[in-house]
1. If the requirement is being surrounded by 15 or more Cβ atoms within 10 Å (Cβ to Cβ) and of a type in the set (S, T, N, Q), which of these qualifies: S40, S56, S52, S110?
2. Within the stretch 57-113, work out how many residues are hydroxyl-bearing (S, T, Y) and farther than 20 Å from D36 by Cα.
3. Which members of the stretch 292-308 meet the condition of being in a helix (DSSP H, G or I), in contact with a helix residue (DSSP H, G or I) (Cβ under 8 Å, 6 or more places away or on another chain) and under 25 Å from E193 (Cβ atoms)?
4. Please verify whether T203 is farther than 30 Å from V11 by Cα and without any contact (Cβ under 8 Å) to a residue 24 or more places away in the chain, treating the condition exactly as stated.
5. Which one of G152, G161 is assigned by TED's automatic domain parsing to the domain that holds R17, modelled with pLDDT of 95 or more and farther than 23 Å from P292 by Cβ?
6. With the requirement that a residue be within 16 Å of the ligand (Cβ to nearest atom), in contact with an Asp or Glu (Cβ under 9 Å, 6 or more places away or on another chain) and aliphatic (A, V, I, L, M), what does the stretch 69-128 give you?
7. Which helices (runs of 4 or more DSSP H) sit wholly inside the stretch 309-391 and have at least 2 residues that are among the β-branched types (V, I, T)?
8. Only one of (1) in a helix (DSSP H, G or I); (2) at pLDDT 90 or above fails for S409. Which number is that?
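The values are calculated or read from the model by the stated rules, or taken from the named source; none is laboratory data. Note that the structure is a prediction, hence the values are computed from the model and not measured. Methodologically, a virtual Cβ is constructed for each residue, glycine included, from the backbone with ideal geometry; neighbour enumeration extends over all protein chains shown.
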Amino acid sequence: MDRYGTFKEMVGSAAERFKEIGKKETVRVISHLDADGITSCSILVRMLSSNSMRYSVSTVQQLTEEGIGQLAKEPYKVIVFSDLGSGMIPAIRQSIPDRTVFIIDHHELSEETAAPNIVHLNPHLCGIDGGSEISGAGVAYLFSRELSAAAGRMAHIALIGAIGDIQEGAEGFQLLNREILEEAIRQGSIKKERGLRLFGAQTRAIHKALEYCTDPYIPGISGSESGSIAFLHQLGINPQKEDGTWKKIIDLSAEELQRLTTGVIMRRLGEKKPEDVLGNIYLLTGEEQGSPLRDAKEFCTLLNACGRMNKASLGIGACLGDRRTKLKAIRHLEDYRKAIVSALKWFETSRGSQAVVEGEGFVIINAKDQVLPTMIGTLASILSKSRHVKDGSYILSLARNLDHTTKVSIRLAGVESNGEIDLRNIVALLADPVGGSAGGHQFAAGAIIATEKEEEFLALAQDVLSKKGMEEVIRN
Ligand SMILES: [Mn+2]
């Protein structure tokens, strides 16, 4: 049997183990609070509710030893970790050895992968890459559909999780994700189209979608509202409707859309891959045209926004198709945009103060409690794609959680990231000496440290990043 066969068997036996749980048991679900975690959680919730099982759900930014310790004080006998947990098996084994634990995850494994009270479901256990082939939501979907026909109709939600974890590459979805996509298309919940890869086709004015488009980068247009409007006029596309409101991409005629696509490619002729503007568009057939839930990528942004604004429950409700919750979630997207704008404003006004240290090849931002800890990574990501920070610079940002810990994020500025640099290693190098825990990916990593260690951490960071920054400068 190949590794996919082994994985399918593993899914099947995890589901069998789940069937052994008494129907009277309340299942405690702990999920990650990003888009993948929220979609994972919603699929599990549908599975539980369709089996008339009770549940209690929380979403967390990171699973910590303290968090697991808290679960020991709760009365629940069955705990499901979703889109997290695989790296925390020693703590789970030590703190909650008397509970039945399901880990439904796709993150990298740590040394320990098994314990007597844990049912561990993770594609890495079978040699399948959970980084690119399947997301947490995908694993939750494969598991849940064994237990519930209703959850089996959520392939499109699983795919939104994969998009959230940036698993769709230039070649589209691969392997297990591709199977889930095909399933969603068969179920009629998703329509796949090929078209202009511009975020916000459903909801943004065209000139705004063009202005905010940094990937793909469009010279003279990315970052420039006036450039975007002039460009549309050059192409003979009136950016406004007759009533004076702005047109969205979905308002264009097929012929206008073709003209826009060609125009964007022409503008990018000097770039490495001018045709990179074309990509797959995934439309949720059950959502209205023009809704932020219509395009899977916009849906994903909405879920991330819910998570970061501490309203993951709205995101879960939106995935479950509850109409009123959807509308509330959409309203929260507005709050999220405002929070981003205020974080950026805070950054602008804090430059030159102690809160923002700028050196050769690095920027260190210590927001303390001025920026939400759930927003600090987003701030760093936006800065990494903006003209505020020189390409190739490290952006390290800190903001405080309520529990006397500090959230750290690190990004590398520039549209084209350097494949040699692994930010996960760098953040571990900084967090380990102060007893912090690091995680993340090559291009976006983070850590949690004790707030009382902030100063020590910052001194070390400044030292390490200034040396690294210099190295890069010399190499370039
Ligand atoms: Mn995930």
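1. S40
2. 5
3. A296, K297, F299, C300, T301, L302, L303, N304, A305
4. In short, no.
5. G152
6. Across the stretch 69-128, the qualifying residues are L84, M88, I104, L121.
7. Per the criteria, 323-350, 376-384.
8. That leaves (1) as the condition not met.
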